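Written out below as C-alpha cells is the structure these notes cover.
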Amino acid sequence: MADYGMPVTYSYITKRLFSLIFVVFGVLIITFILTRVIPARPEVLWAGPHAPLEAIERARRELHLDEPIHVQLMYYLENFFKGNWGVSWRTRQQVLQDILSALPATLELVIVGFTIAIVLGIPLGFYSALRTGSVKDDIIRTVAIVGASMPVFWTALILQLIFGIWLKILPAGKRIDTALALATGFRPITGFYLLDSLLQGNMIVFVDVLKRITLPAITVSLYPLSLTIRMVRSIAIEVLNENFVRFLEANGISKSKLIYKHVLKNVISPVIASLGLSFGYTIIGAFMVELVFVWPGIGYYAGMALLSYDYPAVLGSIVFIALFYSVINLVVDVVHAWIDPS
C-alpha cells in the first residue's frame, strides 16, 4: 500500500507546486492592479508631504509611475522574482526584510494559540463523544459553536476590555515590556521571545512575554479549538458505532484501551487534515488580533501599510500570505497522504 501511495504523492506534489506558482502569480497581478486603482498619490508618499514639485516628479520616475500600468507591472514582477519586493514607503526598509522580521511574532502567536486548541480540543471532543446526549455534551457543543461563530476582532476587544483594562489581570497589548527587556539584558535570538528568554535563562522576561501572549493566543485559539472539538466528537461517535468496535467491546477490551489503541488512530487522520487547513485560516484570523493587541506581526505590518497607502508593503504582505497559506495546504496534503496513502 505504501509503495503504491508514494508515486501518487510525488505526482500530486508536482501538480500542487505548479498550482502554487499560478496562485502567487495571479495574486501578484490582481493585487498590483487593485493598488493602482486606489485614488492616492504614491509619489507624494515616497517624496514626503512637504516635498517640492521637483522631488515629487523625481519620485514618479524612480517608482516608474510615469510608465503605463503594464510596464509598471513588468518592472514589479521582474524585481519580485529576483527577491526584490520593493522598499516600504512607511518604514524605508526592504519589504521582504520587514516581513521576515515580523514573521516570528505571528508564528509564535499562532503556534501558542494552536497548541491551546489541540491540547484542549482533542480530549474535550472525545469526552463529548463518550457522553453523547448528556448535559456536559450539550455544554461542550454550545461552547464550540459559539467559539467558531464569534468574530476574532470582537473577541479580542472583549478579552482586552475585561482582563486587560477592567480587571488588569493581564497586559492589554504589546509583545514585551521594552523597559524590562533593557533592564534585564534580553536580546532576541530567533525572534520567538518565549524561546529566546528561556535560552537566555531570563525568567522575568519569559513570564512577562507569557502574560502578554495569553489574551491574543486565547483569541486565536477559539476557532481551531471549536473546529477540533466538533471534528473529534463527530468522527469519534462514528467510529464508536463501527462493528469492529462493538466486537472488541464484546470481547472484554477495556474502554481506555479501546479508545487509545483503536479509536484514536481512526480519528486522528481526518482531524490532521482539517487542523492543517485551519492553521492557515488561523494565521489570517491572527492578523485582526494583532491589530487589536498591537502585536508586531505580519498582520499589524499589513494593517499599517494599508492605512498609509504603502503599496509595496501591501503587495508583499498579501503575496507572502497567499504563498504561506498555499505551502501549508501542500504540507498538510502530503502529511495526510503519508499517513493514509489509500
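The values are calculated or read from the model by the stated rules, or taken from the named source; none is laboratory data. Note that the structure is predicted; figures quoted are calculated from it, not measured. As a convention, Cβ positions derive from the backbone with ideal geometry for all residues, glycine included, and neighbour counts pool all protein chains shown. Note: areas computed on protein heavy atoms with side chains; ligands, DNA, RNA excluded. Shrake-Rupley method; radii C 1.70, N 1.55, O 1.52, S 1.80 Å.
Do we find that Ile33 is under 30 Å from Ala55 (Cα atoms), assigned to a helix (DSSP H, G or I), open to solvent by less than 60 Å² (accessible area, probe 1.4 Å) and modelled with pLDDT of 70 or more in this structure? No.
Quick one: is Ala156 on the phi < 0 side of the Ramachandran plot, modelled with pLDDT under 85, open to solvent by less than 70 Å² (accessible area, probe 1.4 Å) and within 19 Å of the chain's Cα centre (by Cα)? Judged against the criteria, Ala156 is not a match. Only one residue in Leu306, Leu291, Leu330 is assigned to a helix (DSSP H, G or I), under 30 Å from Ile13 (Cα atoms) and not polar (S, T, N, Q). Which one? When all the criteria are applied, what remains is Leu330.
Among the residues of region 167-190, those identified as on the phi > 0 side of the Ramachandran plot and loosely packed, with under 10 Cβ neighbours inside 10 Å are Lys168, Gly185. I'm trying to understand the selection: among the residues of region 75-101, which are buried (at least 19 other Cβ atoms within 10 Å of the Cβ) and assigned to a helix (DSSP H, G or I)? If the condition is that a residue be buried (at least 19 other Cβ atoms within 10 Å of the Cβ) and assigned to a helix (DSSP H, G or I), then Tyr76, Phe80, Val95, Asp98, Ile99 are the ones that fit. Cβ separations smaller than 8 Å between residues 6+ apart or across chains give the following pairs from region 298-311 residues that are open to solvent by 20 Å² or more (accessible area, probe 1.4 Å) to residues that are part of a loop (DSSP other than H, G, I, E, B) and modelled with pLDDT of 85 or more: Tyr300/Val294.
Going by what's in this entry, would Arg212 be described as at pLDDT below 90 and among the basic types (Lys, Arg)? Considered against the rule, which asks whether it is at pLDDT below 90 and among the basic types (Lys, Arg), Arg212 comes out as no.
Would you confirm whether or not region 309-326 contains a residue that is in a loop (DSSP other than H, G, I, E, B), under 14 Å from Val95 (Cα atoms) and modelled with pLDDT of 80 or more? Yes, region 309-326 contains at least one residue that is in a loop (DSSP other than H, G, I, E, B), under 14 Å from Val95 (Cα atoms) and modelled with pLDDT of 80 or more. Of the helices (runs of 4 or more DSSP H) entirely within region 103-191, those holding at least 2 residues that are closer than 28 Å to Ile284 by Cβ and touching a residue at least 60 places away in the same chain (Cβ under 8 Å) occupy 135-149, 152-159.
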